[in-house]
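The values are calculated or read from the model by the stated rules, or taken from the named source; none is laboratory data. Note that the structure is predicted; figures quoted are calculated from it, not measured. Every residue, glycine as well, gets a Cβ built from its backbone with ideal geometry; the counts of neighbours run over all protein chains shown.
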Amino acid sequence: MDHRQQSALGWIQTLALTMGCLLSPTLVSARDFFIIFGSESQKRLVSCIAEASTGLVPETSDSQEPMTFVILEHHKFLATRAAFHSYRTRLAFSNLATRRIYLSSHVLRDRDTALRVIAHELGHFVIRDAIEGHAEFAAERIRWRARQRC
Ligand SMILES: [Zn+2]
(Lines give C-alpha, C1' and ligand atoms only; values in the text may rest on other atoms or scores of the structure.)
Protein backbone atom coordinates (compact mmCIF):
# COMPACT_ATOMS: atom_id res chain seq x y z
CA MET A 1 0.00 0.00 0.00
CA ASP A 2 1.51 3.31 -0.98
CA HIS A 3 1.32 6.51 0.95
CA ARG A 4 -1.68 7.86 -0.96
CA GLN A 5 -3.70 4.69 -0.36
CA GLN A 6 -2.75 4.79 3.28
CA SER A 7 -3.86 8.37 3.73
CA ALA A 8 -7.11 7.63 1.87
CA LEU A 9 -7.74 4.72 4.20
CA GLY A 10 -6.97 6.93 7.19
CA TRP A 11 -9.42 9.51 5.89
CA ILE A 12 -12.15 6.90 5.48
CA GLN A 13 -11.54 5.66 9.02
CA THR A 14 -11.74 9.21 10.33
CA LEU A 15 -14.93 9.77 8.35
CA ALA A 16 -16.44 6.55 9.69
CA LEU A 17 -15.63 7.60 13.25
CA THR A 18 -17.09 11.05 12.67
CA MET A 19 -20.23 9.56 11.16
CA GLY A 20 -20.54 7.23 14.12
CA CYS A 21 -20.37 10.18 16.47
CA LEU A 22 -22.86 12.16 14.41
CA LEU A 23 -25.31 9.29 14.37
CA SER A 24 -25.18 8.68 18.09
CA PRO A 25 -24.18 11.94 19.76
CA THR A 26 -26.37 11.50 22.81
CA LEU A 27 -26.65 7.76 23.15
CA VAL A 28 -25.22 6.45 26.36
CA SER A 29 -25.17 2.72 26.59
CA ALA A 30 -25.42 1.19 30.02
CA ARG A 31 -25.96 -2.53 29.82
CA ASP A 32 -29.02 -2.96 27.67
CA PHE A 33 -30.56 0.46 27.63
CA PHE A 34 -30.02 3.79 25.97
CA ILE A 35 -30.58 7.34 27.11
CA ILE A 36 -31.26 9.99 24.51
CA PHE A 37 -30.80 13.73 25.20
CA GLY A 38 -30.47 15.20 28.68
CA SER A 39 -27.39 16.45 30.49
CA GLU A 40 -24.65 14.16 31.77
CA SER A 41 -25.91 14.36 35.35
CA GLN A 42 -29.49 13.65 34.23
CA LYS A 43 -28.25 10.63 32.29
CA ARG A 44 -26.31 9.36 35.29
CA LEU A 45 -29.39 9.47 37.50
CA VAL A 46 -31.64 7.78 34.91
CA SER A 47 -28.96 5.19 34.28
CA CYS A 48 -28.60 4.41 37.99
CA ILE A 49 -32.34 3.98 38.51
CA ALA A 50 -32.64 1.88 35.35
CA GLU A 51 -29.84 -0.38 36.55
CA ALA A 52 -31.80 -0.94 39.75
CA SER A 53 -34.40 -2.68 37.59
CA THR A 54 -31.90 -5.18 36.23
CA GLY A 55 -33.30 -8.66 36.34
CA LEU A 56 -36.84 -7.40 36.95
CA VAL A 57 -37.71 -6.23 33.45
CA PRO A 58 -38.21 -9.31 31.28
CA GLU A 59 -36.54 -9.46 27.90
CA THR A 60 -39.34 -9.61 25.38
CA SER A 61 -38.95 -12.08 22.58
CA ASP A 62 -41.22 -9.98 20.36
CA SER A 63 -38.95 -6.96 20.55
CA GLN A 64 -35.23 -6.70 19.95
CA GLU A 65 -35.26 -3.03 20.81
CA PRO A 66 -33.12 -2.00 23.76
CA MET A 67 -34.93 -0.14 26.52
CA THR A 68 -34.61 3.54 25.64
CA PHE A 69 -35.14 6.60 27.79
CA VAL A 70 -35.86 9.89 26.03
CA ILE A 71 -35.29 12.97 28.18
CA LEU A 72 -37.14 16.01 26.82
CA GLU A 73 -37.36 19.65 27.87
CA HIS A 74 -40.80 20.01 29.43
CA HIS A 75 -42.40 21.88 26.49
CA LYS A 76 -41.10 19.25 24.08
CA PHE A 77 -42.38 16.55 26.39
CA LEU A 78 -45.87 18.10 26.26
CA ALA A 79 -45.78 18.15 22.45
CA THR A 80 -44.62 14.54 22.31
CA ARG A 81 -47.27 13.52 24.80
CA ALA A 82 -49.91 15.13 22.58
CA ALA A 83 -48.58 13.26 19.56
CA PHE A 84 -49.01 10.00 21.46
CA HIS A 85 -52.46 11.00 22.82
CA SER A 86 -51.16 10.27 26.27
CA TYR A 87 -52.85 13.12 28.14
CA ARG A 88 -53.35 11.47 31.49
CA THR A 89 -49.67 11.58 32.26
CA ARG A 90 -47.99 14.70 33.64
CA LEU A 91 -44.28 13.99 33.59
CA ALA A 92 -43.61 10.68 31.87
CA PHE A 93 -45.12 7.99 29.73
CA SER A 94 -44.02 4.71 28.25
CA ASN A 95 -44.52 2.85 25.04
CA LEU A 96 -44.31 -0.84 25.87
CA ALA A 97 -44.21 -1.94 22.24
CA THR A 98 -41.18 0.15 21.32
CA ARG A 99 -39.64 -0.13 24.82
CA ARG A 100 -39.38 3.62 25.15
CA ILE A 101 -39.83 5.76 28.23
CA TYR A 102 -40.34 9.49 27.64
CA LEU A 103 -39.38 11.74 30.54
CA SER A 104 -39.99 15.43 31.03
CA SER A 105 -36.88 17.24 32.26
CA HIS A 106 -39.01 18.14 35.32
CA VAL A 107 -38.76 14.49 36.39
CA LEU A 108 -35.06 15.05 36.96
CA ARG A 109 -35.34 18.20 39.06
CA ASP A 110 -34.71 16.20 42.21
CA ARG A 111 -33.83 12.66 43.19
CA ASP A 112 -37.14 11.83 44.87
CA THR A 113 -39.22 12.83 41.86
CA ALA A 114 -36.88 10.88 39.58
CA LEU A 115 -37.15 7.80 41.79
CA ARG A 116 -40.92 8.05 42.01
CA VAL A 117 -41.59 8.62 38.31
CA ILE A 118 -38.89 6.52 36.61
CA ALA A 119 -39.47 3.51 38.86
CA HIS A 120 -43.20 3.75 38.09
CA GLU A 121 -42.56 3.73 34.35
CA LEU A 122 -40.15 0.81 34.69
CA GLY A 123 -42.86 -0.90 36.73
CA HIS A 124 -45.04 -0.98 33.61
CA PHE A 125 -42.29 -2.93 31.84
CA VAL A 126 -41.89 -5.36 34.74
CA ILE A 127 -45.58 -6.28 34.72
CA ARG A 128 -45.97 -5.60 31.00
CA ASP A 129 -49.30 -3.87 31.18
CA ALA A 130 -50.73 -0.39 31.60
CA ILE A 131 -52.53 -0.92 34.90
CA GLU A 132 -51.31 1.76 37.31
CA GLY A 133 -51.72 -0.26 40.51
CA HIS A 134 -49.70 -3.15 39.10
CA ALA A 135 -46.97 -0.80 37.91
CA GLU A 136 -46.78 0.83 41.35
CA PHE A 137 -46.44 -2.54 43.03
CA ALA A 138 -43.46 -3.40 40.79
CA ALA A 139 -42.08 0.12 41.15
CA GLU A 140 -41.68 -0.19 44.92
CA ARG A 141 -39.04 -2.87 44.54
CA ILE A 142 -37.10 -0.81 41.98
CA ARG A 143 -37.29 2.26 44.26
CA TRP A 144 -36.01 0.28 47.21
CA ARG A 145 -33.03 -0.94 45.21
CA ALA A 146 -32.36 2.47 43.64
CA ARG A 147 -32.44 4.22 47.02
CA GLN A 148 -29.50 2.09 48.17
CA ARG A 149 -27.29 3.15 45.27
CA CYS A 150 -28.41 6.31 43.44
ZN1 LIG B 1 -48.40 4.48 34.90
Problem set entry | Neighbours by Cβ (under 8 Å, 6+ apart or cross-chain): first from the range 94-107, touching a residue at least 40 places away in the same chain (Cβ under 8 Å); second within 14 Å of the ligand (Cβ to nearest atom) | LEU103/LEU91; LEU103/ALA92; LEU103/VAL117; LEU103/ILE118; LEU103/GLU121
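Quick test for you: out of LEU108, LEU78, pick the one residue that is away from the ligand (no atom under 16 Å from the Cβ) and either of a type in the set (Lys, Arg) or within 20 Å of PHE33 (Cα to Cα) (or both).
Working: LEU78 fails: either of a type in the set (Lys, Arg) or within 20 Å of PHE33 (Cα to Cα) (or both).
Only one candidate qualifies: LEU108.
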Seminar exercise, completed: All-but-one check, GLU73 against (1) surrounded by fewer than 15 Cβ atoms within 10 Å (Cβ to Cβ); (2) over 15 Å from GLY38 (Cβ atoms); (3) in contact with a Ser or Thr (Cβ under 8 Å, 6 or more places away or on another chain), failing number (2)
Exercise. Using beta carbons and a limit of 6 Å, which pairs, at least six apart or on different chains, have the first residue in the range 123-135 and part of a helix (DSSP H, G or I) and the second one modelled with pLDDT under 90 and more than 7 Å from the ligand (Cβ to nearest atom)?
Worked result: PHE125/VAL57; VAL126/LEU56; VAL126/VAL57
Problem set entry | Subset tally (residues that are in contact with a Phe, Trp or Tyr (Cβ under 8 Å, 6 or more places away or on another chain) and under 21 Å from LEU45 (Cβ atoms)) for the range 82-94 | 4
Exercise. Quick one: what pairs do we get from the range 109-121, first residue farther than 21 Å from MET67 by Cβ and acidic (Asp, Glu), second within 15 Å of the ligand (Cβ to nearest atom) and part of a helix (DSSP H, G or I), C-beta under 9 Å, 6+ apart or different chains?
Worked result: none
Problem set entry | Residues (touching a helix residue (DSSP H, G or I) at 6+ places or on another chain (Cβ under 7 Å) and over 17 Å from VAL117 (Cα atoms)) located in the range 33-54 | PHE33
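One line per residue, one yes/no per condition, for (1) at pLDDT below 95; (2) exposed (fewer than 14 other Cβ atoms within 10 Å of the Cβ):
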site	(1), (2)
ARG31	yes, yes
PHE34	yes, no
PHE37	no, no
LYS43	no, no
ILE49	no, no
ALA52	yes, no
VAL57	yes, no
ARG81	yes, no
ALA97	yes, yes
